[in-house]
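The values are calculated or read from the model by the stated rules, or taken from the named source; none is laboratory data. Note that this is a predicted model, so its numbers are computed, not measured. FYI the Cβ positions are ideal-geometry reconstructions off the backbone, even for glycines, and counts take in every protein chain you see.
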Amino acid sequence: MHGKRKDGMRIFTTALAALAMLALASCGGASAGKTIKIALQAPITGDYAYEGQMAKQSVEVATELINKSGGVLGKQVEIVVVDDGSNPKDSALAAQKAVSQKVAAVIGSYGSSVTEPAADIYEKNKLVSVGYGCTAVRLTMDKERKFFFRTCGRDDAQGLFFGKYAVETMGAKRIAIMHDNSTFAKGVADEAKKALEPYIAAGKTEIVYFDAITPKEKDFSAAVTKLRETKPDVWYFTGYYPEAGLLLRQARDAGLGCPFIGGNAAINDDFVKIAGIDVAKGALMTQEPLVTDVTTPIAEQFKALYAEKFKELPSSPWPVYAADGLYALVGAIAKAGKIDSVAIADAMRTKMDGVEGVTGPVLFTERGDRKDVPYKMYMVSAEGKLIVVAK
Amino acid sequence: MSTFIEQLVNGLTIGSFYALVALGYSMVYGVMKLINFAHGDLFAFGAYLGYTILTSAAGKVTASIGIWGGMAFTAGIVAICVAIAGVLVERIAYRPVYPSGRLSLVVSALGVAIFIQNSIMAIWGSRPQAFPASVVPSLRFSLLGIPVTALQVTILGISFALMFAIWVIVEKSTFGAAIRASALDRETATLLGIDVRKVIFFVFALGPGLGGVAGLMNGLYYRAISFNMGWNYGLKAFTATILGGIGNIPGAMIGGLLLGIVESLLSGYVSGAWKDVFVFLLLIATLIFRPTGILGEKTAEKV
């Protein structure tokens, strides 16, 4: 049944792509206007509307900053927003719309399953697209796409950050890693384990616990008792916040006192509510930095203008990666010297030295993933707020 | 050794929740020969009702009459409301389709389960809710070298008391005899002058009422509740019911406690990732080798 639906989807998208190709051919010629049009595909409506709105605002701010300093190739940048409604079906339509507007390149989108169909359409139309909130490993690793990039990190990038932090900063000798069997959490946990291998080989640390709990359950006392018996120095949980809150409190009840580090899905306000502030305070989390905690020169300009225009800064890390997407594209267009997808994609892969985004340098791997995605260690303060503890 | 005992206690706590939910399953199955899929969601409904009472203006009432009085008051309201919901489910969704056979009943039960779960989501939202931390103080102490919380001991005590009360009602009282008679043979029970409708009414009030209180205790104990929590507990309690012998009241209790202990030992000594694989293997093995369950002799009598 699933396969059928997928086939249906494929036929649908192919049909749309064919239509678009016809439209493109009939119009003919590249855009020769006074501006360079770049599309932003984002969830302006639907479940993630909040994220989409913030992405739109972030890109607007970045556009203003870029245009103020002269734009690119002597032209001003113009943003065309297409709404993917937070779902894969509308995403294909949105991508089609972006293609028909003859944009130079695309930023988008948020959410891996939403980005995937759009990325295929952009690929077929030879249009460079830069995802900003789609972290699934499969997007770049399952299928080779020539024109797809992303400014956000992959699900597994934070595992690497954890490994380094636990051993080098905390000096943990006995490390416990726990996931919840979901693709995302297991991916992060596996990557953390991999990141620890060189340290284990050097005799600096060992993994004393590596196991899963079942999501949606409430009682993890058996798991935390087993965990306590392994006497870990640090405990990394890569799953989601409802389980994280329950786990931490049950662990403290069972007498396990070691530092708790959650993955980027483990800690939020609800985590603090479920665990209780007495237990939650001091809990650590590996996360993409919020823009408030980024201090690059561009970030300072970005924050000032954003605050002036929209009062409050983006409350999630992702919208800023959309702005990074624009900086990356503008940088690549400048390096390529022309509006040509092949040249832009080539520049994205090989010529990005010196191109800076809001969160720092925007360099890409051969597969289109961003290199050296910045991560930070956050901590739950005594008031239940998240504060940065490490760079 | 003390870790082993600790894992047993952990298992008993999980198991007592399974057992309380399993009782409702088993009673309904005994009388109606229906797996009441909505039961798990009524359990979740109880948790949410309790949450609303404790966080709303009524929470102030309960706070003013002390923790025990407040809890009893909350549990009473939850039990009554969920019992009414249980009876309504039977009237609206089961009684009209009863003559069309068991398949229609099961489909109707699934429909009710989805209806209740989505209603909870529509009313209280899809994000998990947390019970106020101030309601029950977190008192930790060591009992014979095993770290336990005061709440854990209280919950265990209350569940065992409730299970014992149900056992007395069903096995020792005259009305219990009527329930058992209806479970054995509905038509003969009617011929003997037992008002089976009254029995059904009672079973659909008592089972969900008890499930609702279990939901409230679950919320108090784990503090976090989610709209879809009923499904998981329903599934595990159903497994417990099969293990103990479906339609058999003491069987449901034993099945629930046993399942909790097996789960806890599996994740404590084998692997948390593989726990559910073994649990459901146990369910399949029971169905193949001993379909009547551990204490299933009573259902065999009627053949």
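The residues of segment A:268-287 that are assigned to a loop (DSSP other than H, G, I, E, B) and in contact with a helix residue (DSSP H, G or I) (Cβ under 8 Å, 6 or more places away or on another chain), listed by number, are A:268, A:276, A:283.
Out of A:283, A:265, A:307, A:299, one residue alone is under 23 Å from the mean Cα position of the chain (by Cα), away from chain B (no Cβ under 11 Å) and surrounded by fewer than 18 Cβ atoms within 10 Å (Cβ to Cβ). It is A:307. Criterion applied to A:256, A:247, A:227, A:313 was being outside any helix (DSSP H, G or I), within 14 Å of chain B (Cβ to nearest Cβ) and of a type in the set (A, V, I, L, M, F, W, C), and the one residue passing it is A:256.
Residue-wise test of (1) part of a loop (DSSP other than H, G, I, E, B); (2) touching a helix residue (DSSP H, G or I) at 6+ places or on another chain (Cβ under 8 Å); (3) surrounded by 14 or more Cβ atoms within 10 Å (Cβ to Cβ); (4) not β-branched (Val, Ile, Thr).
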residue	(1), (2), (3), (4)
B:25	no, yes, yes, yes
B:73	no, yes, yes, yes
B:91	no, no, no, yes
B:104	no, no, yes, yes
B:108	no, yes, yes, yes
B:112	no, yes, yes, no
B:116	no, yes, yes, no
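Looking only at residues in segment B:220-238 that are more than 9 Å from chain A (Cβ to nearest Cβ) and surrounded by fewer than 24 Cβ atoms within 10 Å (Cβ to Cβ), the one that is nearest to residue A:218 (Cα to Cα) is B:220.
Would you check if residue A:124 is surrounded by fewer than 24 Cβ atoms within 10 Å (Cβ to Cβ), among the charged types (D, E, K, R), touching a residue at least 60 places away in the same chain (Cβ under 8 Å) and at positive phi? It is false that residue A:124 is surrounded by fewer than 24 Cβ atoms within 10 Å (Cβ to Cβ), among the charged types (D, E, K, R), touching a residue at least 60 places away in the same chain (Cβ under 8 Å) and at positive phi. Only residues that are crowded, with 24+ Cβ neighbours inside 10 Å, within 13 Å of chain A (Cβ to nearest Cβ) and polar (S, T, N, Q) were counted across segment B:239-286, and they come to 2. Residue count for segment B:15-51 under the criterion of being touching a Ser or Thr at 6+ places or on another chain (Cβ under 6 Å) and within 11 Å of another protein chain (Cβ to nearest Cβ): the result is 1. Residues that are within 11 Å of another protein chain (Cβ to nearest Cβ) and either surrounded by 22 or more Cβ atoms within 10 Å (Cβ to Cβ) or of a type outside the set (Lys, Arg) (or both) within segment A:186-207 comprise just one, A:189. In segment A:231-244, the condition of being under 30 Å from residue B:235 (Cβ atoms) and away from chain B (no Cβ under 14 Å) is met by at least one residue. The set of residues in segment A:347-391 that are part of a strand (DSSP E or B), among the β-branched types (Val, Ile, Thr) and surrounded by fewer than 17 Cβ atoms within 10 Å (Cβ to Cβ) comprises A:387, A:388, A:389. Only one of the numbered conditions (1) in a strand (DSSP E or B); (2) facing chain B (nearest Cβ under 10 Å); (3) crowded, with 24+ Cβ neighbours inside 10 Å is violated by residue A:210, and that is (3). Among the residues of segment B:200-208, at least one is assigned to a helix (DSSP H, G or I), touching an Asp or Glu at 6+ places or on another chain (Cβ under 6 Å) and more than 11 Å from every other protein chain (Cβ to nearest Cβ). Scanning segment A:317-336 for residues that are closer than 19 Å to residue A:351 by Cα and either touching a residue at least 24 places away in the same chain (Cβ under 8 Å) or not assigned by TED's automatic domain parsing to the domain that holds residue A:127 (or both) yields A:324, A:325, A:326, A:327, A:328, A:329, A:330, A:331, A:332, A:333, A:334. Suppose we filter A:343, A:322, A:332 for residues that are surrounded by fewer than 18 Cβ atoms within 10 Å (Cβ to Cβ) and either at pLDDT below 90 or touching a helix residue (DSSP H, G or I) at 6+ places or on another chain (Cβ under 7 Å) (or both); which single one remains? Only one candidate passes the filter, namely A:343.
Could you grab the pairs with beta carbons closer than 7 Å, sequence gap of 6+ or different chains, first residue in segment A:364-391 and closer than 27 Å to residue A:280 by Cα, second one of a type in the set (D, E, K, R) and surrounded by fewer than 19 Cβ atoms within 10 Å (Cβ to Cβ)? Here the result reads A:376/A:293; A:376/A:391; A:380/A:281; A:381/A:281; A:382/A:281; A:388/A:293, each pair linking segment A:364-391 to a residue that is of a type in the set (D, E, K, R) and surrounded by fewer than 19 Cβ atoms within 10 Å (Cβ to Cβ). Considering the conditions (1) more than 26 Å from residue A:250 (Cβ to Cβ); (2) modelled with pLDDT under 90; (3) surrounded by fewer than 15 Cβ atoms within 10 Å (Cβ to Cβ), residue B:142 is excluded by exactly one of them, (1).
Residues in segment A:323-346 that are of a type in the set (A, V, I, L, M) and in a loop (DSSP other than H, G, I, E, B): A:339 alone.
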